[in-house]
């Protein structure tokens, strides 16, 4: 089998599915109490390693379809870098948290450390939308962002009502950005690229 034939079978959806499945399993284990902090945070952060093959497969599929622009290439690199920093920040914060005294002022700093790469990822999306010259690719990214927003709104609102009526446990609000990113990935994976069969 040639290299071209092998890369043509590379599907971003496989890596995205594995990433999302892991997120779901980690969330269920955390919510049910089978995993106690900091284990869920560490596992969630380590799961970001799957974004590397996902981004490679996405890039290959986009290049094969002729839908890879310089702006999109820069966006992918920046997003991957901020994702890696986010994963590292979650691991570090999760490990340090237990060693700090309750009410310590350092907890405020520690709690905001993962926010810095989140802001970086948001800036990355904004910059991509400003730099992208191809209208179709810009539309595709905007649509994917809206899919992420829809996921956050539907899941957050649904969970909020279920929690209000005592049907599900309370979940910390830091899930919002990862859920948006998951929706963004779903939106990008399922938006047609020109030339897809």
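Derivation of every value follows stated rules applied to the coordinates shown; laboratory data play no part. Keep in mind the model is a prediction, meaning the values are calculated, not measured. Note: ideal-geometry Cβ built from the backbone for every residue, glycine included; neighbour counts use all protein chains shown.
Between the helical axis of 115-131 and the longest alpha-carbon principal axis of the chain there is an angle of about 20 degrees.
Solvent-free Debye calculation, one equal scatterer per alpha-carbon of the range 137-196: log10 I(q)/I(0) at 0.23, 0.24, 0.27 Å⁻¹ equals -0.85, -0.89, -1.02. Helix-only arithmetic for the chain: the sum of -39500 (n - 2.57) across DSSP H runs with n ≥ 4, divided by the residue total, places the mean residue ellipticity at 222 nm at -25000 deg cm²/dmol.
Rounded to the nearest 10 degrees, the angle from helix 135-164 to the longest Cα principal axis of the chain is 30 degrees.
Over all directions, the projected convex hull of the C-alpha atoms in the chain averages 13.0 nm² in area. Each of residue 63 and residue 158 was given a label point 7 Å from its Cα along the Cα-to-Cβ line. The distance between the two points is 3.8 nm.
Cβ crowding within 10 Å, taken as a proxy for footprinting-reagent exposure, orders 56, 130, 140 from fewest neighbours to most as 130, 56, 140. In this simple spin-label approximation, residue 74 and residue 46 carry label points 7 Å from Cα along the Cα→Cβ vector, and these lie 3.6 nm apart. Only Cα pairs within less than 10 Å get springs; with that Gaussian network setup on the chain, which residue of 75, 41, 136 has the largest fluctuation? Greatest mean-square fluctuation among the candidates belongs to 136. Placing a label point 7 Å from the Cα of residue 88 along the Cα-to-Cβ direction, the residues of the range 116-132 whose backbone N falls under 19 Å from that point are 116-124. Sorting 102, 132 by the number of Cβ atoms found within 10 Å of their own Cβ, with the fewest placed first, yields 102, 132. Taking 0.36 nm per residue of separation and subtracting the current Cα-Cα distance, fully stretching the chain between residue 32 and residue 133 would add 31.7 nm.
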